[in-house]
1. Which ones in the range B:6-30 are open to solvent by less than 40 Å² (accessible area, probe 1.4 Å) and either assigned to a strand (DSSP E or B) or modelled with pLDDT under 95 (or both)?
2. For the range C:145-174, which positions are open to solvent by 10 Å² or more (accessible area, probe 1.4 Å) and small (Gly, Ala, Ser)?
3. Identify the residue in the range A:75-94 that is assigned to a helix (DSSP H, G or I) and more than 8 Å from every other protein chain (Cβ to nearest Cβ) and, among all such residues, is most open to solvent (accessible area, probe 1.4 Å).
4. Got at least one residue in the range B:160-176 being away from chain A (no Cβ under 14 Å), open to solvent by 20 Å² or more (accessible area, probe 1.4 Å) and over 14 Å from the mean Cα position of the chain (by Cα)?
5. Applying the selection to the range B:183-195, what residues are in contact (Cβ under 8 Å) with a residue 60 or more places away in the chain and either within 16 Å of ligand 1 (Cβ to nearest atom) or touching a strand residue (DSSP E or B) at 6+ places or on another chain (Cβ under 8 Å) (or both)?
6. Output the number of residues of the range C:28-63 satisfying the condition of being open to solvent by 10 Å² or more (accessible area, probe 1.4 Å), of a type outside the set (A, V, I, L, M, F, W, C), at the interface with chain A (Cβ under 10 Å from one of its Cβ atoms) and part of a helix (DSSP H, G or I).
7. Taking helices (runs of 4 or more DSSP H) that fall entirely within the range A:95-199, which contain at least 3 residues that are open to solvent by 40 Å² or more (accessible area, probe 1.4 Å) and modelled with pLDDT of 95 or more?
8. Using the structure shown, decide if C:LEU125 is open to solvent by less than 40 Å² (accessible area, probe 1.4 Å) and without any contact (Cβ under 8 Å) to a residue 12 or more places away in the chain.
Amino acid sequence: MAKTLSLYVERNTFIHRVDSINKILYVLVSVAIPLILPYKFVAVLLILISISFLLLAKVMRRVIPLIEFSVIILLSIVIIQGLFHAGNKTVAFHIARITFYKEGLSYAFTLSMRVINILLAFAILVLTTKPSELIEALVKKGLSPRFGYVLSSALQIIPQMMSAVGSIMDAQRSRGLETEGNLAVRIRAFFPLIGPVVMGSLIETRERAMALEVRAFNSREKKTFLNERQNLRSDNVIRLILFSILSLSIVLRVLL
Amino acid sequence: MKKIIVENLKYRYPLSENLALKGISFEVEGGEFIGIIGRNLAGKSTLCQALVGLVPHFYKGAYSGNVEISGMNVLENNISELSKKIGIVFQNPFTQITAAKLTVYEEIAFGLENMGIEIKETIRRIEYVLHLLDLEKYKDRNPFELSGGQMQRLAIASIIAMKPEIIVLDEPTSQLDPQGSEEVFKAIQSLSREGITIMMVEQKIEKIAQYADRVMLMSDGEVVDFDVPQKIFLRDDLLNYGVQAPVFTRVCRSLNIKNKNTGLYPVTLDEAYELMVRHEQNRS
Amino acid sequence: MNKRRLWSFSFTTATLVLIPAAIGINYIGKLFAGVLKLPLWLDSIGTALASMLSGPVVGAISGAINNIIYGLTMDPISFVYALTSIAIGITVGIIAYNGRINTLWKSIIAGVVVAIVAAIVSTPLNVIFWGGQTGNVWGDALYAYLIAHAVPVWIASFLDEIVVDFPDKIATMIIAFLIFKGLPRKLILLYQSGETIEKLD
Ligand SMILES: Nc1ncnc2c1ncn2[C@@H]1O[C@H](COP(=O)(O)OP(=O)(O)OP(=O)(O)O)[C@@H](O)[C@H]1O
Ligand SMILES: [Mg+2]
């Protein structure tokens, strides 16, 4: 029931052991390079690299739910742009009596590669990194521990509140109360049930804030960490590689 | 040595009209167990929060007077500094969970990490409080998955791990079921045995009678009386303050069974039982 | 009198604890809309409440972190829409300051303003990432119709967005107003009080 909101998949692979800061850097580099080198094949190459990392991390199957929503929109983009894009001139093909145009399809392809590239790079980060480790790594890198708290707490409180509401809704449905029918009826049936959860969560903030204060939340001492991650030698090597690739792409941009 | 010194404490919440505390003064010795009673809105919670520095540092508002906790002035020290000397446990166990930690073990560590306590010492303290509050079995559980009583013991453990000399308990069992309440009261007794000074607000008057060395009766932002339970529960005007004397006291009073040495009525079951037995023996 | 300033950047513990609660409420709204198959998102009720309680800065941060977390756990593209959430937080915070969302009518007007701001911020993002679409069936149908009739992408995209934003943000502000009205005074005072301790006597 109560668990933290996370897509992390526990596996024992090299990718999982990579420092979370490096995974964030990987995302940034993957987003930056197609902007620096705006060629279709660059985006495709990056996508292939991300896919191989996801395979190495044995999490490829978990990628699908993560990108599902975006892919559906991308499909609709292919159709709408293929049919109606402003620059459409050259006919690509016909399906029944409907005509698709090259310019629109090409534009839709560029958009799709851009989005999928970002999605896959993110997938590596979120599927192979424990949120608590990610947040702690950020705090060690200088994120305020108080904001680190906000992130960790949100990840725990969201599923907490969702499961409270979920069980109310289930109970309501099993009693045969309206989830169908007239809009106003549906809303009226649920407001009084969800209201208390929402109000409660706000009212609780006063006491939780006090409870944190008396546990030295605003202490000016240097914080210690119960879970210390051992730095690996590979951490620095990976960081170096990422920076080299980024620099290389900038150099290429200037030369080409 | 005096653990708590309060001198003419006055306080008004921000954007409010009336004083919530109207010039309170008292002192508490180390190791004492103090019970606080009084009707709704008497100012009990406000006083508790004034001892740990939440009043005024958290709420702001208007403040005067002097509160010293183990020689530390509350107004001049921040809440984190004060937390080394004094801790507090509230009613609702759920809101006292940080909601940022995944296990009971890590939850207890939260305050110690913030204080910058080194890891070896942190681990030592966690093991100690897990044992003291009988939470060893649950150390790897998610705090949200505990029962109310277990959660409240976790809240107490998290405070005790910070090694305060004084702990304030503001109706710690009012939201628990009977079993959870008993667990928590047992835990509180073990804290008292460890020599920790305790201030407890509690509606269950029998528990106050059983544990408290002295009882503070509050009304309308003032301390009406502060004395041993036997004397407090002797007051004829107790009901005016929304408090009823423990049932044993009332029974013995109606039967006129007193402690011969002190001339006072008993307040706990054991005491009442003993006096009644003696009373019967004397009659026969 | 001692009252919290509009652009306060001091994050008290209470304001920080408010942020996860606000995000949780956003999620509940979204779930609620999904289960009841409402043609709305209802995913910024919490952000609006955070702004009403604690001002534009805290509201904006709630909005941003909301999208960061949604991006990390559901849909990475939601990251970029953090900008829209920030704009919503700021707008509601400014309107709410001094209690200007205190009747049903005023909350509806606030909803209209918020919808316009949200659509203005979202449109460029929609164009960059989705060629102007929003992913909402009704909005996208309108969009397809408009660009098929040679309406410029920017205008088509703005209309696509605002068709959904008007009802959604108005409903959001009405719900936020009703919840806010039910909150205890103690809580509202906590968030509105200033930052200094006065001396009595
Ligand atoms: N956060 C707050 N903001 C404004 N006023 C408050 C706040 N908390 C308490 N008060 C006021 O201060 C006075 C004392 O309240 P307090 O909560 O200290 O009483 P109490 O004895 O603990 O009552 P209860 O038995 O209900 O817990 C009351 O008049 C109350 O309305
Ligand atoms: Mg109280």
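1. Matches in the range B:6-30: B:VAL6, B:LEU9, B:TYR11, B:PRO14, B:SER16, B:LEU21, B:GLY23, B:ILE24, B:PHE26, B:VAL28.
2. Result: C:ALA148, C:ALA150, C:ALA171.
3. A:LEU75
4. Yes: one or more hits.
5. Hit for the range B:183-195 is B:SER192, nothing else.
6. 1
7. It comes to none.
8. Criteria not met by C:LEU125.
The values are calculated or read from the model by the stated rules, or taken from the named source; none is laboratory data. In this text the structure is predicted, and so the values were computed from the model without any measurement. Heads up, the Cβs are rebuilt from the backbone with ideal geometry, glycines too, and the neighbour counts pull from every protein chain shown. With ligands, DNA and RNA removed, areas are computed over all heavy atoms of the protein, side chains included. Shrake-Rupley method; radii C 1.70, N 1.55, O 1.52, S 1.80 Å.
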